Amino acid sequence: MLCAIIARQRHETLLEEMDEAVARGAKLLELRLDFLRHEPRLGEILKRKKVPVIATLRRKEDGGIWNGTEEKRQQLLRAAVALGFDYVDLEADVAAEIPRFGPTKRIVSHHEMTEMPHLGECWQSLSQLDPDVIKIAGLAGKATDNFKMLRMIAKAEVPTVGICMGEFGIASRVLGPKFGAPFTYCAFNPERIVAPGLMTFDQMNELYRGNEVNAKTEVFGVMGDPIAHSMSPLVHNTAFRELRMNRVYLPFRVTEHVLPKFLDKLSHAEVRGLSVTIPHKEAIVSRGMAGDELVAMAGAANTIHVDDHGAYRLYNTDGPAAMASLLRAMGEDPSDSKAFAGRDVLILGAGGVARPIAFSLHQAGAIVSVANRSADRAQSLAHAVGCKFIDWGMRESHLAEIVINCTKLGMHPDVDETPIQQSAMREKMIFFDTVYNPIMTKFLLLAKDRGAKIVTGVEMFAAQAEAQFRIFTGVDPPAGLMKQLVEEELSPARKMLREARLAKKDQV
Ligand code: NAP
């Protein structure tokens, strides 16, 4: 269950937002009374409430903004209990001072704003303070902190909400209820992100379907660093929702040194599948997991599937996705790679995305050449594939039928860059850019202007995500959905239209 936090300075706005949150589907509200400019009118709040409410007056050292005296704060907390608030939030050091009275439930809380607390000791000491709910929040420093928090929630004998704050901790916020947390917090108003990493009600409700997460929810995600701007959570969660699957897909920010531990402990969050992105695509292959043929050849994987027995299997959906996108542009059957036989393809770049594309096309019978800024990487890829190496300085003189940009040139914010100039482009050629932000890169605009066929990185992104979805679920995602979502996300005007559509759906 989602608990929407309402933090307003004006009393009237607080009351209005309480109504609005309930109308939007909130089932529990935390009222951050420390934000009010004047003394809270507790009786008026209770008269107005339509769902259970939590009274919270957070001090600065615990992440709040209360600036009155401690005596006044405790007086207000006692009044909230006496008047019959559904819950009152009491920090460990004041819990003993505010006695239990009537039906008001006690959330006994501890917040550590700069690091993770020692969870075992912390939970034990809070459990001595007559709690109905224990709440522990700490600032996460790594992805594996989520696993510790979720295990603590699962083992707890008193209902426990455990939160890893900050950008490493999104999983704990979404998955708490799967492991037994009675609710999880989110900010009703996007302007009031009162704790690091706190998500908005809309994000939690629409993207992660936080109100529906339960013990049976299957967990998937994407791991990488950075990860904040990944579009994978949007496309996979939306497909899960459309197909009414009890599954959720989360971003895990996993730094390089944490990778081994993260993979070892994945089962603590019952993760069933992961998309893998920069910088882990090659590193995971060296960890001895079984993988498909392309993974073995390219030495890079972008997908991990965990089977019912906990065994991991690696896949690479980048190569097939690039081929399917090209085949569509060529007017061929996207599953028939024979159409590449004898075609001259120039691959620009030799990194994580170039490798599987080069191997896949070579295997399909294309005559592949590789050029890269750093010659040694291109030479080593060409050698491994068994294809031609072209010097980076000679790339514009090589008139291939298909040119694929697998470099970062042209990627946002460097949108004025292109790996080749228009003078090297011909009408009969096909130009494919794996860069997808922006959708129409300078490389593609120049090629289109020349009258050539183009393939966007969005086509490939959607195709590789669709293939991952099939690996994760065994079924196809809704046709065209993932591509549409990415295009909307990357085009501000279309994104506004989608948000308006969602808001309208909300009002019905
Ligand atoms: P990577 O492993 O870091 O490789 C980066 C490549 O770009 C290398 O070949 C690098 O050359 C080259 N490069 C970087 N800056 C350059 C410059 N200023 N001039 C010339 N070459 C330069 O990254 P990756 O994972 O392969 O990703 C490459 C691109 O593919 C990114 O733009 C990414 O957005 C895109 N991508 C798209 C999809 C999709 O589904 N559409 C999926 C994955 C990635 P050096 O070896 O000389 O450094």
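Just a few scattered comments:
- Averaging 1/r across all pairs of distinct Cα atoms in region 157-225 and inverting the result yields a Kirkwood radius of 12.6 Å.
- Normalising the average separation of contacting C-alpha pairs (under 8 angstrom, six or more residues apart) by the number of residues puts the relative contact order of region 59-184 at 17 percent.
- Karplus 3J(HN,Hα) series, Hz, for region 49-61 with 6.51 cos²θ - 1.76 cosθ + 1.60 (x for Gly, Pro): 5, 10, 9, x, 10, 10, 9, 10, 10, 8, 7, 4, 5
- Of the solvent-accessible surface of the chain, computed with a 1.4 Å probe over protein heavy atoms with every protein chain present, carbon and sulfur atoms account for 51 percent.
- MRE, 222 nm, helices only [DSSP H, n ≥ 4, -39500 (n - 2.57), over the chain, to nearest 500]: -10000 deg cm²/dmol
- Compactness index (Cα Rg / 2.2 N^0.38 Å), the chain: 1.13
- Among the listed pairs K453/K483; K60/K135; K50/K178, those beyond 21 Å (Cα-Cα): K50/K178
- Counting 0.36 nm for each residue step from E487 to T69 and taking away their Cα separation leaves a gain of 145.3 nm.
- Label-point separation in nm, H268 to T255, each point 7 Å along Cα→Cβ: 1.7 nm
- 13 Å beta-carbon shell around H398, net charge (K/R +1, D/E -1): -1
- Within region 1-67, GluC sites (Glu not before Pro) in DSSP loop having at most 15 other beta-carbon neighbours inside 10 Å: none
- Distance (nanometres) between label positions extended 7 Å along Cα→Cβ at R41 and H118: 4.8 nm
- Taken about its Cα centre, region 2-215 carries a charge dipole of roughly 380 debye when the Cβ of each Lys and Arg holds +1 and the Cβ of each Asp and Glu holds -1.
- Computed over protein heavy atoms with a 1.4 Å probe, the accessible surface of the chain works out to 43 Å² per residue.
- Taking a quarter of the surface of the Cα convex hull of region 217-316 gives a mean projected area of 6.3 nm².
- Averaging the sequence gap over all C-alpha pairs within less than 8 Å and six or more residues apart, then dividing by the number of residues, gives the chain a relative contact order of 8 percent.
- Degrees separating the helix 318-329 axis from the principal Cα axis of the chain, which is the longest one: 60 degrees
- Modelled FRET efficiency - R0 22 Å, A228 with R151, Cβ distances, 0.05 increments: 0.30
The values are calculated or read from the model by the stated rules, or taken from the named source; none is laboratory data. Since the model is a prediction, treat every value here as computed from it, not as a measurement. Cβ sites come from the backbone with ideal geometry, for glycine too, and all protein chains shown count toward neighbours. The accessibility values were calculated without ligands, DNA or RNA, using every heavy atom of the protein model including side chains. Shrake-Rupley method; radii C 1.70, N 1.55, O 1.52, S 1.80 Å.
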